[in-house]
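The next block holds one structure in the form of structure tokens; read it before the comments.
The values are calculated or read from the model by the stated rules, or taken from the named source; none is laboratory data. What you see is a predicted model; the values in this text were computed from it and never measured. So basically every Cβ, Gly included, is an ideal-geometry build from the backbone, and we count neighbours across all protein chains shown. The protein model used for the area step is the full one, side chains on, heavy atoms only, and it has no ligands, DNA or RNA in it. Shrake-Rupley method; radii C 1.70, N 1.55, O 1.52, S 1.80 Å.
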Amino acid sequence: MARPLGVVLTGGIGSGKSTVAGIFSKFGACVIDTDEISHSLTGKGGAALSRIAEDFGTEYIHDGSLDRTRMRELVFSDQKSKQRLESILHPMIRAEVVKRIEKCAFPYYLLVVPLFFEAGHYFDLADRVLVVDCVEKKQIERVAARSGLNEKMIRAIMNNQVSRSYRLDHADDILENGGEMGELEKAAYRLHCKYLDLINRS
Ligand code: ADP
């Protein structure tokens with residue numbers, strides 16, 4: 001069977017990536033979420049824990065999982081530790097992504113990569129880049145409601161991500177998510193049909 005078409009879904013924090021991924025999974029697409037894989041590798045019994053304990057010390061493991069708060073504090077202030085953690089996690093995440101792509105029996109996969117442009121790890125698996133987008137004010141409102149972080153903290157995260165205009169300039173497809181869920185679902189369905197059509201023509 002031909003390799004499925006690879007669609008990478010990206011967007012800023014709170015733009016709606018998980019929401020869009022949920023919609024595409026209802027259409028039957030193979031949704032592969034790199035954040036979810038990362039969480040399972042570092043959650044209870046996760047395959048990355050022993051390497052993390054070896055490199056960082058067992059104090060970073062709490063109750064059988066990665067102590068995310070402690071690790072976040074460390075990597076936020078120490079670039080070397082951030083790179084060390086990434087060098088453990090990234091190859092493991094990628095190996096799992098490749099395994100899931102090999103198992104994908106649908107004409108296309110949707111690979112969710114929040115920091116796609118920033119990290120540059122998955123360019124080779126992206127035939128198309130789909131950006132989910134909304135105005136910054138809406139991103140902040142949504143993240144605040146979801147997480148309780150304040151605007152200053154959310155802006156600090158956004159400042160570590162590429163700009164909205166950079167993302168839009170580098171997108172093959174854009175899903176505008178500033179409105180109602182119903183509109184988003186309809187726009188996502190149109191894209192789903194477009195992907196199937198592109199595959200049929202190729
Ligand atoms: P991301 O994965 O990009 O960080 P999410 O999909 O988690 O963003 O969306 C952020 C929050 O906004 C979530 O709580 C989600 O339920 C909500 N949300 C996303 N899109 C919409 C929408 N169109 N209407 C209402 N709420 C939305």
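Note on the range 1-38 and the range 82-144: Cα centroid distance 8 Å, given to the nearest whole angstrom. Residues whose amide H falls under 5 Å from that of residue 174, counting only those 5 or more places apart or on a different chain, are 131, with hydrogens built in the peptide plane.
To put it simply, the accessible area of the chain at a 1.4 Å probe is 52 percent carbon and sulfur. Tell me, what is the percent relative contact order of the range 41-105, built from C-alpha pairs under 8 Å that lie six or more residues apart? With pairs under 8 Å counted, the relative contact order is 28 percent.
Can you compute the charge dipole magnitude of the chain about its Cα centre, using +1 on each Lys and Arg Cβ and -1 on each Asp and Glu Cβ, nothing else charged? Give it in debye, rounded to the nearest 20. Display every interim value, and only then the final one.
Details: 28 positive and 28 negative charges, 29 e Å.
Here the size comes out at about 140 debye.
With all protein chains kept in place, the per residue accessible area of the chain amounts to 55 square angstrom at a probe of 1.4 angstrom. Taking every DSSP helix (H) stretch of at least 4 residues in the chain, weighting each as -39,500 (n - 2.57) and dividing the sum by the residue count yields a mean residue ellipticity at 222 nm of -17500 deg cm²/dmol. Using a 4.7 Å Cβ-Cβ cutoff, the cysteines of the chain lacking any partner cysteine are 134, 193.
Calculate how many DSSP beta bridges within the chain are antiparallel, expressed in % of all such bridges and rounded to the nearest 5.
10
As a length-normalised measure over Cα pairs under 8 Å and 6 or more apart, the relative contact order of the range 33-144 settles at 27 percent. What does the C-alpha gyration tensor say about the overall shape of the range 58-153? Classify as rounded when a/c is under 1.5, otherwise prolate if a/b is larger than b/c, or oblate. Oblate.
Kirkwood radius for the chain, taken over all pairs of different Cα atoms as the inverse mean of 1/r, rounds to 18.1 Å.
Ranking 20, 34, 105 by Cα position along the charge dipole of the chain, where only Lys, Arg, Asp and Glu carry charges on their C-beta atoms, puts 105 farthest toward the positive end.
Once you treat every alpha carbon in the range 41-105 as an equal point and sum by Debye, what is log10 I(q)/I(0) at q = 0.21, 0.22, 0.28 Å⁻¹? Normalising to I(0) and taking log10 leaves -0.84, -0.90, -1.24.
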